[in-house]
Each structure stands twice: as structure tokens, then as C-alpha cells.
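Nothing in this text is a laboratory measurement; each read-out follows from the coordinates by a stated rule. For clarity, every value in this text was computed on a predicted model and none was experimentally measured. As a convention, Cβ positions derive from the backbone with ideal geometry for all residues, glycine included, and neighbour counts pool all protein chains shown.
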2 protein chains.
Amino acid sequence: MTKQLGYRINLIAAALGKEPLDLKLTNLKLVNVYTSQIESVCLGIKDGRIASLDAASLSALHEMDCNGMFALPGFIDTHVHIDSTLLSPEQLATLIVPHGTTTLFADPMEIANVGGYAGMQALIQAAKGLPFNLWIEVSARVPTAPGLETTGGTLDLHDVRRILKWQQSVSLGELDPAKVLGLQQEYLAKIQSAHLRNKIANGHAAGLLPQDLTAYACAGLADDHECVDIQDALSRLRLGMAVLIREGSTERNLRNIIQGVVKENLDTRMLMFCTDDKHPDDILHEGHIDWMVNQAIQLGIAPITAIQMATWNAARHFRLDHEIGGLGTGRRADIILSENLNPIIPQKVFVGGKLVAENGHLIKAPKPAHYPGWLKQTIKVTRGKQADDFRIPVSGKQVTVRVIRIYPDQIINQAETAQLAIEHDAVTCNTDGDVIKLAVVERYGKNGNIGIAFVKGFGLQKGAIASSVSHDHHNIVIAGVNDADMALCVEEIENMQGGLVVAADGKVRARLALPIAGLMTQAPAQEVIQTLKELNSAARSLGCPLPAPFMTLSFISLPTVPELGLTDHGLVDVRQHALINPIVGVI
Amino acid sequence: MTKQLGYRINLIAAALGKEPLDLKLTNLKLVNVYTSQIESVCLGIKDGRIASLDAASLSALHEMDCNGMFALPGFIDTHVHIDSTLLSPEQLATLIVPHGTTTLFADPMEIANVGGYAGMQALIQAAKGLPFNLWIEVSARVPTAPGLETTGGTLDLHDVRRILKWQQSVSLGELDPAKVLGLQQEYLAKIQSAHLRNKIANGHAAGLLPQDLTAYACAGLADDHECVDIQDALSRLRLGMAVLIREGSTERNLRNIIQGVVKENLDTRMLMFCTDDKHPDDILHEGHIDWMVNQAIQLGIAPITAIQMATWNAARHFRLDHEIGGLGTGRRADIILSENLNPIIPQKVFVGGKLVAENGHLIKAPKPAHYPGWLKQTIKVTRGKQADDFRIPVSGKQVTVRVIRIYPDQIINQAETAQLAIEHDAVTCNTDGDVIKLAVVERYGKNGNIGIAFVKGFGLQKGAIASSVSHDHHNIVIAGVNDADMALCVEEIENMQGGLVVAADGKVRARLALPIAGLMTQAPAQEVIQTLKELNSAARSLGCPLPAPFMTLSFISLPTVPELGLTDHGLVDVRQHALINPIVGVI
């Protein structure tokens, strides 16, 4: 894993004027995050790194006049799930890099649930040619609910320790409180393993009460990205936890927290930014970390302070300040050029000293990364392609069933009951009452499990919708009125080796193939955004009122979010962490 | 190296109220370095760590009412050479811990030059029972001048990599610019090895010109402790190097730098404190890091900011903020209690949750640490115990010699020449002109080398003074008028297995034994301070006007500080990095 010394020697030699610089950026106003000052400099770059802030007198192979623009360090997204964009990393680059995001700290728990250790290796291999820095937050809980779900891969303590050794791993990924407060040694040992490598352990402290939060922090968890307001933030900061302010597609916490920071004039050193889950169309129309920085400035944070939050604060917290986070000598030349600091509009973006984006677009279209064949062949369905697979045989007139009551844009749900009619010795859906079937089909070819229950809130009047993205096990989840259409969805997803489907009347109405681990596609971002629109309108045409039906579908099977979850094992009472019968009684 | 999880489990359980706390500190005003705020709290401690900031309702085995005192994190000395105090770590504890210093980041290059890897191991072993945290800055250059000096031990790249793996090692120790600017791969590889462990590499950028400083920073060196004024500090900070503000016995940089920080209202995040070389009597009479904090406050730094510099800033820079630097949950319970914040006077000091010092004194006298026998038997003199060993045979009337001109309290010197008379075919000293002999006797039993030259500035009218502390090789260095007394000093140092000696007229006038590696003693600090006084007055009685003759003696043989140095190999022209003849000509 030891890199060659060559680049370091060249860098020093160039700084001494013994070798020409690769590139000289003249006429710059440098935003110096170390001194919180702005200074006019001439930047020298060699072998992808900053060789000098005083390069005027040094010779260079290339030179660029920056016309007095501001130069700031590339932005850092401190917690993101790449998979939630449905895009492969190189396609995601076309969206985020033009916005000045040059580093992602990503928790690839989705690909880990599908492919385990080898899946993580494949991701790192594929990331080699990316026009941004990708570091891994090593997924701490794969699977999330051992014994209650079937996954393609697992990461045990030994695997996590091996991955923490990688230079591309930056921390232990988010760990849910239950495992810590439950004093489960495997997870405490994972935290310790990160510390022994001088790496941090990321937290995930959603909605914890004060005493539980204190105990959670005692475990050595360094931060939280689940704060929704300034009270949440303060309660973490005072314990010594950093706050990763999140602005995703549905979770939008920036305004509340920043307004509080401004009002109380708080120390911002422990504050940084993340997106967690932000969908491609939102990134396209709104922006990425740059948008958060500009929002913070508009809310009253000084531009240099907001920039520090998006760069140096993150690099220091994650202990990479010798590599990124500031335009200091020896650091990677990840640079944003902007004419103004309010708002910051990345006109030129350099990564590793190379100009990679200009005026909102990548200069070179990313070349498709290579993924191993096995990772594109992860859908192996043994049961679920026949209508009968979704039949719930019961003799009687009427049945009382448990129903998962969902709400738009929320991942939590409520447990309800409903009465359903029995026809031909099988339970039927009730479209008038919006009680339809929900199924999870095991897709790793391991046991052919199918979990079936009932759901309220999808509003489907006919047909079915399905996805191979279903947190965190990522089996195939299907919501449907009609068993045959449900089976058709599963068949189509197997044909595509992963993806999203809408079907009705025996026909596929819309589809998006996600062949990489059944989670991601290498298709162009714009095309994916367009196809998602088609999928959503197809679902709407079947009666679904949800703004983002496939996101709702992808979270509904979580066995860890109250009150109910559904896995391939069956219906899960989340609080009891146990399987329960979807059928309460029959008359 | 993996620690048990027990303490972590107990900590979480105590925070949850499932186990009693070990100690509860009630009625406290907590200086919260994370939020820069002061809050009234009840601190809960379990297994040596902070379990809760809200412990009022938790049960505890012991409870202490702190009467509204301020609680602040223990202070951190970010760069210190323990050996320069002549005290063993446990004896040094009696001086520094009552002043609130609970963590030392120490570069034990002296013991490494004597004992190599095994010497470092012995130090870590001996440190186990200390009432403060000792982390190692792994010595980067042992020996300092390969080929120009004989040392007892060496640390090659392989050794350094092994030591960097230790949990007790925090960084790569200070690296002199020559090796970096000279592009010596061994040293660049050592820096890289630290980075690959997510540890930093400490700098030593004394008096570098701007371009050399830039190149030095390009090597990946994270900080500098040699800044003498605000211009020095600013020139490092803007490149992304932290500034370890130093206040030692002779190097006193705090006032200049802090006045500049206040004047320019600079960001203090990259500023922290160190002592480097501070002698026991100065620590006793003046204080340690607490003294620096109070000075900074007097000069206009806000108390909380000054405290952050002495604690959290240091912990973050050295990437130990999950362990120390703030009173956050999960961190070590290293706590200072003070009635006021201006000045801060440590009334009670806790280390690892134990009350170890009160009202300026350790509560329990430290028990002597165990050092292996071989480390107390490091003086093996094969030549240097006979007067003849110091005779410089020359035939003629008069000789022109090179002279090392020294100055009080400075480690640099100037090259001069002088005429000396020849008597009985040997060069004689000239006490009227204050030109006397300087010798370095190899003391590791390796080759019996003796280097002899001439020195001006010691003012000795008779006798000799000698020390086994002579940077960085730590052979025996002797300044003397009389060959017999010089030999007597060497004999006495061998008898003591290391130490300081003043001899005249064939008698030893004063002595201090330093049996641990010939560098340190386990005698009580007060006793050592007293003996040092006796040694200095004995030297004065021989005519020496220097305020600290033994410190001057310990630095004069450095082959790396201009203009001249003297090692067991002979007289060194530092700039040429070559041996030269002390005799210029004879008539």
C-alpha cells in the first residue's frame, strides 16, 4: 500500500526551482483556510499537488491567468451513500464535480450488503480513474438485522479490520445506537479497530434521548449527521461530537442549524456538511455542497467560515488535513475558482492539479469504470416469478391483517389492521381501502424466501411497482394489487439484473436497469433522471399519489425503522426485533 | 496492541445508569473547549474516563464537591525532550503534573542515540506507571550526523516504522531541513510511513528562507516549534503548518508571537504550546504549560482560547482528540480544577480520573520506574582516562589552531583561530586568552575515539568540566585546562555511569550521577536542582562566567549547528559537513 516517493521528491524539487512546475495559476485571490485570510498569490502545482503559494518566479510547463478570481479548496461531502443516487461513481461525477465537490466520504453499505468484502474491493478498483477523491467510511453493520434478513454479503469484524487498513478508508461508517447501547461487543470492537488505526468512527444518533446520547458518545463515536435543529446540534457538540450538517433530498437540516449557529454566534470548528441521500435531479437543479455553502452564507455565516466548514473542518475531523481541505503546500491541488464569494459559483474546478470542470460541466466525459462480471450478475431469483408465489391461501370469508401504514417522504411507518375478503381460498387486496400486497423476494439465490404482508399508502388501483434497491438487504421489494403483475416485475428485474419496474395488465409500463449490484447504473445521469420521471408518472398513472414512490419502496422493508418492516423472512415487529404473522385472524 | 473492551463497556453501562460511577464531581463550571462555552455541570467518571456531563442523577462510589471551581482539560506539552531535564519521567512528574500538565508528546532522541530501538522500548515500559500520559514523537534522525559521530544506537527506516505502529507513538519526530531539502529518501520515506499510519510528521524549520520553507512544507511536515516571532509564525501558518509556540529555558518565543496574534486578531486554531527544553529549576520557579497559558491570557488572549491552545488544538493536530484535549464523553478524565481563569492556578489535577496532585504537589510520591540493567551500564570508556590521552603532540615553537568561539545561552558558535605555545612537544592551553581544550571521548566501547579541539568562552583558569550529555551522540564532552583533570572527569563519569563533573587540582569538586543511559537520574527533582547549583558554582569557582555551563557544554559538540562542532571523530566544519584539522599551522 506504500506509495512511491517520486511525487514527493518532484514536489520538493519544484518548490526549490530545480524542476519546472506542471502548472502555474497566476493572479489569484487565495482563500487561506488556515489563517482565515485572503491573499493574492501565484499558485505552483507539481505532480497534482500544491508546490508553492509564491510561484511567480518559478518556471512552469503551463500557466493560467486566473484574472483575480478567488481560489478555494475543493468541497468535501462528509457522509454520502453513492448508491442512493442510482448512479455509478463516474456518472455521479458529472453532477457533483462541476459544483466544486472534489471529495466524497462515502459509506457503501448497500454494495457491501450485496457483495461483501469483494464488493468493496470492486468499488475501490472502479474508483481509480475518478475525477474526484473517493474515501470509504467502512460499513459497520452488514447485515443491519442479522437473523431477520438474507443478504448477499456480510462484513464481520475481521473484514472491517482489513478494510480499515486501506488508505482509501477514512473511518468506520455510521453505527446505529441499538448496537452500541445494547453493548454488542462486535460493534464496540469495530470502533476500537478504527481508533487503533488513528481513524474516527462515525455516528448516527437519530432522535436519541439525552442519557442515551451520552452513552452513545461514550462508545467513541465522533460525530452525528442526524441533527435536525440547533438543540440537537448543541447537545452533540458539548459532548465533543462533531455535527455533519445534512441537506439531502428529503432530510433538510441546514436552515434550522445554521440559523441557530448565527443566532448564538457558535464556534463552527466542529461543523461540516454532508448530503447523505440526495437524488440526481435535486443535485442537477439545486447543487451539492456549493449550495449548502451559499445557503450558510445567505443565513449569515461569513464566507470564509462557510468555506472552512465545507473543506478544512471536514479534513481535520477525518484526519486528512495533510492531504486535502486547504490549499497548503504538499496538499492535493483540488481547487475551485469563483469570481465571487457570495455566492460562490465554481467556474473552474481542478482535481489533483488537472482542470476537470468548467462553467458547470465536466471537460471530459468520464470513461465507464470496469466492474467485475459477478457484480453485474447479482440477481438470482429462485421463487417469485409465478403469480402463485404471491398467493396467500386462507379458507374462510374474511381475514384481519396487519397493515404497514406509510406516509409520503417518511421512512417511519405505523402498524394498523384491516379486514380483507377471501376469494378462491386466498386473501385479496382492497383497492378502495388502499390495502394492497407488499412482498420481498430473496434475490441472492440462497433460499428462495418470500415475505408477504400488506401496505396502505401506495394508492395503486392496479398493477405493481418493484425495486431491487431495498434497504439494507436489497432483495426485490414489490408493492402490488395483482399477483401476476408482481411476478412480472420480478421477472423483469431479473432480466435487467436489477432495477426499477412499473407493470400493469401483464405489461411492463416503465423500467430502469440497475445492473451494478442491482443498485447502480453506468448510464448518463441525464438519461437516468429522465427515466426516473417516466417511472414516477407510470406509477402515478396506476393511482400512486406519492412524490417519490420508489424511494418509499426502498425504505419500507427496513427491519430497523419503526413500527413494521418486511424482509424476505417475513413481517418484522421492529421494536420487538421479531417476526410476526401478517394474519391476525380469520372468520 | 488491541486493548480490552472492558473499560468501554463499563463506561457505556455507567452512562446508562446500569453501573455506578467511580467518581462524581459536583458543582463544577466546565470549560467546554468544543463549544467555547462555560457550563455548570456534574461530571461522571468511570474507568478513568468521562462518562457523563450530566451525572447529577447517577449513583457513584465516590463524590467530590468542587465548590463551583472551573474544570478544564489537562494541559498538553506538544514537544519536549524529557532528557533535557536530567530527570527520569517519574521525577519530572513531580514538577509538571502539579502545574496541570497531564500529557507530554516527547521526542526521546537522546535515549535513542544511546539505546536505539531497545532504549525506546525501555522508556515506554518505564512510563507505564506514570501519573501523566506520555506519547512518543518517533525520533526521525538517529544518528543526526551519520559518519561524523559514534552513537550507541541507531533508528533506521525499519525501526521507525515499527515504532510508528505503537499506540504510544503519536508522530514522526522533528526532522531537520537539511535532510529534506537534500532529498534524502530515507527521511522522506519516514515521513510517508507516519502518514500511512494516519500520524503526523513534526517539523523543525529554524531560520529557513521563504523558498526553503515552502519546499520543507512540501515534504509533508505538519508543524514548526522554532518560530521566534509573529512573522515566522505567519509564514508557516499560511502554508498549512501548525505553530508549536515554544517557551523553554533559553528559547523564549511566546511573548513575540502572542503579541502578534493579538495585534492581528489571528485565527488560533493552528497554535499550541511546547517547552522543548526547560530545566527543572525553571519549571519549579516559573511553571510549565500553565505558565504559558497565563502569559497568553495576560497578553490579551481570551482565557477559553488560551485553554484551547493548550489542550484541544494540540489534541486535534496530533489526532488524539478522541482520547484527550477536552472534557467530552469517552475521553480520558484528565482534569484541572482552578478557582479562576485569570490566572489559572491548578488546585487539583486528575489524570485518568484519579486525583494525583493538589495545591502544587503530587499526592503520592512516584515510585521509581524500572529500567533494564543494560540501560544503566552504557558508559564503556576504552581511552580517555589517562592525561596523555588529551595530549596534542607537535614539534615547534608555536601553533595556529582553530577555535570554537561560544556565547552564553546560544547553541551556535563561530570559528576563530588563535596562537598557542608548544611546550615539551605538545600544545598548551592559554588561560589568559581563554583558549582551552575541548575533547569528546567515545563512550560506547566501540572504537576508543577521542576528538580534541580548542574552545573560547568557558573562562576556566584551571581544572575541567565534563558531561555525558552531549547532543546528539552523547559521548563524553570535556572542556579543560589540565589534561589530568580532564582524564579524572572521564574516570568519574565512568564510575557514575554517566553524569556531570567539575574537577580541579586532581580532585572532583562537584558531581551529578545520571545513570539512566548516561542522561537521566531517578533522584528527587529538588535534590537534582540543588546539585546542579553546586556544579554551577564549582564551575564558577574555576573562572567560568557562563550562566549554564553544562547546557553550553551539552550543545557544543553538535555536528549540525554552525559553525564548528566536535565529535569523537574530530572537529567538524558543519556547513561542509566534513572533518577538518584543528591545527592550521606550526612555526
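Legend: calculated FRET efficiency, A:Gln410 to A:Leu355, from the Cβ-Cβ distance at R0 = 45 Å, rounded to 0.05, equals 0.60.
With 30 Å as the limit, the listed pairs A:Lys190/A:Lys364; A:Lys456/B:Lys18; B:Lys190/B:Lys278; B:Lys46/B:Lys278; A:Lys190/A:Lys456 have A:Lys190/A:Lys364; A:Lys456/B:Lys18; B:Lys46/B:Lys278; A:Lys190/A:Lys456 beyond it between alpha carbons.
If you count, for every residue in B:6-13, the Cβ atoms of partner chains within 10 Å of its Cβ, what is the mean?
Across B:6-13, the average partner-chain Cβ count within 10 Å equals 5.
Placing +1 on the Cβ of every Lys and Arg and -1 on the Cβ of every Asp and Glu, with nothing else charged, gives chain B a dipole about its Cα centre of roughly 1180 debye.
Chain B has one residue whose beta-carbon comes closest to the axis relating it to chain A; that residue and its distance in whole Å are B:Asn198, 2.
The simple spin-label model puts a point 7 Å past each Cα toward its Cβ; for A:Ser40 and B:Lys446 those points are separated by 5.5 nm.
Taken about its Cα centre, the protein assembly as shown carries a charge dipole of roughly 1300 debye when the Cβ of each Lys and Arg holds +1 and the Cβ of each Asp and Glu holds -1.
A point 7 Å from Cα along Cα→Cβ stands in for B:Leu209, and the other copies hold the same point at 6.8 nm, listed in rising order. Under the rule a/c < 1.5 gives rounded, and otherwise a/b versus b/c splits prolate from oblate, where does the stretch A:537-587 land using the Cα gyration tensor? Oblate shape, in that a/c is at least 1.5 and b/c is the bigger or equal ratio. Note on A:Glu563 and B:Gln259: the model spin-label points, each 7 Å out from Cα along the C-beta direction, lie 7.1 nm apart. Under the classification rounded if a/c is under 1.5, otherwise prolate if a/b is larger than b/c and oblate if not, where does the stretch B:439-532 fall, given a ≥ b ≥ c as square roots of the Cα gyration tensor eigenvalues? Oblate.
Take every Cα pair under 8 Å whose residues are at least 6 apart in sequence, average their separation, divide by the length of chain A, and the relative contact order is 14 percent.
Inter-copy label distances at A:Ser40, shortest first and taken from points set 7 Å along Cα to Cβ: 5.5 nm. Enclosing the Cα atoms of the protein assembly as shown in their convex hull gives a volume equal to 160 cubic angstrom per residue.
Dipole orientation for chain A: of the candidates A:Val41, A:Pro366, A:Thr305, A:Val41 has the Cα lying most toward the positive pole (charges on Cβ; Lys, Arg +1; Asp, Glu -1). Straightening the chain between A:Glu339 and A:Gln298 buys 13.1 nm, computed as 0.36 nm per residue apart minus the Cα-Cα spacing.
Of the cross-linked pairs A:Lys165/B:Lys199; B:Lys385/B:Lys462; B:Lys380/B:Lys533; A:Lys24/B:Lys179; A:Lys24/A:Lys348, those separated by over 20 Å at the C-alpha level are B:Lys380/B:Lys533; A:Lys24/B:Lys179.
A simple charge model with +1 on the Cβ of Lys and Arg, -1 on the Cβ of Asp and Glu and nothing else charged puts the dipole of the stretch A:281-395 at about 660 debye relative to its Cα centre. Modelled spin labels at B:Lys380 and A:Asp573, positioned 7 Å past Cα toward Cβ, are 7.6 nm from each other.
Think of it as helices only: each DSSP H run of n ≥ 4 in chain B is worth -39500 (n - 2.57), and spread over all residues that comes to -8000 deg cm²/dmol at 222 nm.
Seen through its C-alpha gyration tensor, with square-root eigenvalues sorted a ≥ b ≥ c, the stretch B:402-448 comes out oblate because a/c lies at 1.5 or above while a/b is not bigger than b/c. Taking the alpha-carbon centroid of each part, what is the distance from the stretch B:287-320 to the stretch A:344-405 in angstrom? Value for the Cα centre distance between the two parts: 50 Å. Using R0 = 56 Å, the C-beta based FRET efficiency linking A:Ala56 and A:Leu196 works out to 0.80. Inter-copy label distances at A:Glu563, shortest first and taken from points set 7 Å along Cα to Cβ: 8.9 nm. Here the calculated FRET efficiency for A:Ala426 and A:Asp505, from their Cβ-Cβ distance with R0 = 25 Å, stands at 0.80, rounded to the nearest 0.05.
Less than 5 angstrom separates the built amide H of A:Asn413 from those of A:Glu563, A:Leu564, all sequence-distant by 5 or more or on a different chain. The alpha carbon centroids of the stretch A:113-152 and the stretch A:33-111 are separated by 25 Å. When the Cα positions of A:Asn67, A:Ala453, A:Pro210 are compared along the charge dipole of chain A, A:Asn67 comes out farthest toward the positive end, with charges on each C-beta of Lys, Arg, Asp and Glu.
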